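Presented below is the structure to which this report refers.
The values are calculated or read from the model by the stated rules, or taken from the named source; none is laboratory data. This is a predicted model, so every value here is computed, not measured. Note: ideal-geometry Cβ built from the backbone for every residue, glycine included; neighbour counts use all protein chains shown. Keep in mind that these areas ignore ligands, DNA and RNA; they rest on the heavy atoms of the full protein, side chains included. Shrake-Rupley method; radii C 1.70, N 1.55, O 1.52, S 1.80 Å.
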Amino acid sequence: DNTLSVFPVGPGGALGTAAIVATGSGPFGVAFSPDGSLLAVTNSSDGTVSVFTVGAGGALHAVGATPTGDNPLLMAFSPDGRLLAVANYHDSTAWVYSVGLGGALTKVSSAVTGNGPFGVAFSPDGSV
């Protein structure tokens, strides 16, 4: 239904009542920025990445959706939170975005990968 459910987690792992927010078409992967201030969602059906700021109590506020490759699946923020890498399954690419103030994404590079990448990762120091 093109939404994301966000659950507060209480003591001992108890889940609270979910907040539901709209995303793009076919939400698939989710990733928090290292400082927890942003949440990104890949939208596999419409080829976008939605970004939300995370407010008090986990409230999400939409920043916007940014185009990416065909069928984005999983993504990862760099350890310093300045970059976001996205694996695009159908066109076998990885795209990298700079993350601006407030969560705005700007594409900085892309590369062809092996057939059908599912995920991406950064090394702990962000160099790979």
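Scanning the stretch 1-14 for residues that are assigned to a strand (DSSP E or B), out of contact with any helix residue (DSSP H, G or I) (no Cβ under 7 Å at 6 or more places or on another chain) and aliphatic (A, V, I, L, M) yields 4, 9. Within the stretch 15-44, the residues that satisfy the criterion of being in contact with a Pro (Cβ under 9 Å, 6 or more places away or on another chain) and at pLDDT 95 or above are 28, 29, 34, 41, 42, 43, 44.
Once the stretch 1-58 is narrowed to residues that are under 22 Å from residue 73 (Cβ atoms) and among the charged types (D, E, K, R), the residue that is nearest to the chain's Cα centre (by Cα) is 46. If you go through the stretch 87-104 and keep only what is hydroxyl-bearing (Ser, Thr, Tyr) and either farther than 14 Å from residue 76 by Cα or open to solvent by less than 20 Å² (accessible area, probe 1.4 Å) (or both), you end up with 89, 92, 93, 97. A count restricted to the stretch 75-103 and to residues that are within 15 Å of residue 30 (Cα to Cα) and either charged (D, E, K, R) or part of a loop (DSSP other than H, G, I, E, B) (or both) stands at 2.
Looking across the stretch 49-74, the residues that are open to solvent by less than 20 Å² (accessible area, probe 1.4 Å), within 19 Å of residue 91 (Cβ to Cβ) and not in a loop (DSSP other than H, G, I, E, B) come down to 49, 72, 73.
Whenever a residue of the stretch 72-88 is under 9 Å from residue 122 (Cβ atoms), its partners that are among the hydroxyl-bearing types (Ser, Thr, Tyr) and surrounded by fewer than 18 Cβ atoms within 10 Å (Cβ to Cβ), lying with C-beta atoms within less than 7 angstrom and at least six residues away or across chains, give the pairs 83/98. Within the option set 17, 106, 42, being part of a strand (DSSP E or B) and free of Cβ contacts under 8 Å to residues at least 24 places away in the same chain holds for one residue only, 106. Among the residues making up the stretch 73-105, those that are touching a strand residue (DSSP E or B) at 6+ places or on another chain (Cβ under 8 Å) and farther than 17 Å from residue 47 by Cβ are 76, 77, 78, 81, 82, 83, 98, 99, 100, 102, 103, 104. When the stretch 20-37 is filtered for residues that are open to solvent by less than 60 Å² (accessible area, probe 1.4 Å) and in a loop (DSSP other than H, G, I, E, B), the ones remaining, listed by number, are 23, 24, 25, 26, 33, 36, 37.
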